[in-house]
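S.K.: The structure's right below; bear with me while I get my questions together.
The values are calculated or read from the model by the stated rules, or taken from the named source; none is laboratory data. Remember, predicted model here, so these are calculated numbers, not experimental data. Virtual Cβ from ideal backbone geometry, glycine too; neighbours counted across all protein chains shown.
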Amino acid sequence: MEKEKVEFKETRAYPVVFMIVITIIFVGILAVFYHSTKGRVEQRERIELQKAVLSAFNLPIDNVQANYEAYIKELSFKQKGQEEEIIYYQATKDEEALGNAFIIFGKGLWGGITALIAYTPDYQNIINFAIINQSETPGLGGRITEEWFTHQFSDKQIMTDNEINKFEMVSENADNITITQVKQITGASLSSRAVLDMITNESQRIIQTLKEAL
């Protein structure tokens, strides 16, 4: 007796093959989309970083690329005994050195924190400080990006007698704070402390590395 011919669509293998084909198609589409937009994404990220660097030195950001080329030099140095280079951004205006900026890293409550910090040429004071990336809780630790919080570090003295200053946290509503005090974010003391530790530890690392490299 001749067996009845079964169409492939009715076999058990059909759903598996169908899903594999669909997956390959969608992965291919995503790969094409990724590669077609990668350049634009990288360009936008580069411009955002350039804008942040200019802002760190209170330089104009109306024409980011032109002003960046006019005022900023990208430099690097190696830590003694290490292969990895530390990249930093040196700002000058009218042949006068404004300072140097570095990207710094820290550990927040829920993930890493990336920031940009600019120092005066003698590394005695912070010019400006800004959060670039963070994953803290929105409305709580995520408030570390708010201008009132980051602006507290502008013009703060970071070095005293060749030692890194350690900042003390006080209430968000405190009045008449000292130069070593910083207002913490209400309900987010751990995220606030993470920023202070990042500034202290990374400043220590940068300045110590500079001493060894020069």
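Residue by residue, here is whether (1) touching a Gly at 6+ places or on another chain (Cβ under 8 Å); (2) closer than 30 Å to residue 98 by Cβ holds:
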position: 141; (1), (2): yes, no
position: 149; (1), (2): no, yes
position: 154; (1), (2): no, yes
position: 164; (1), (2): no, yes
position: 168; (1), (2): no, yes
position: 179; (1), (2): no, yes
position: 186; (1), (2): no, no
position: 189; (1), (2): no, no
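S.K.: Go through (1) in contact with a strand residue (DSSP E or B) (Cβ under 6 Å, 6 or more places away or on another chain); (2) of a type in the set (Gly, Ala, Ser); (3) in contact (Cβ under 8 Å) with a residue 60 or more places away in the chain for residue 108 and report which single condition fails.
M.R.: Checking residue 108 against (1) in contact with a strand residue (DSSP E or B) (Cβ under 6 Å, 6 or more places away or on another chain); (2) of a type in the set (Gly, Ala, Ser); (3) in contact (Cβ under 8 Å) with a residue 60 or more places away in the chain, the one that fails is (1).
S.K.: Looking only at the stretch 146-169, count every residue that is outside any loop (DSSP other than H, G, I, E, B), surrounded by 15 or more Cβ atoms within 10 Å (Cβ to Cβ) and β-branched (Val, Ile, Thr) and tell me the total.
M.R.: 2
S.K.: Can you go through 75, 59 and tell me which one is at pLDDT 95 or above and among the hydrophobic types (A, V, I, L, M, F, W, C)?
M.R.: Exactly one residue qualifies, and that residue is 59.
S.K.: Could you tell me whether residue 74 is assigned to a strand (DSSP E or B) and either small (Gly, Ala, Ser) or within 24 Å of the chain's Cα centre (by Cα) (or both)?
M.R.: Judged against the criteria, residue 74 is a match.
S.K.: Going residue by residue through the stretch 48-65, is there one that turns out to be surrounded by fewer than 12 Cβ atoms within 10 Å (Cβ to Cβ) and not in a helix (DSSP H, G or I)?
M.R.: Yes - at least one qualifying residue is present in the stretch 48-65.
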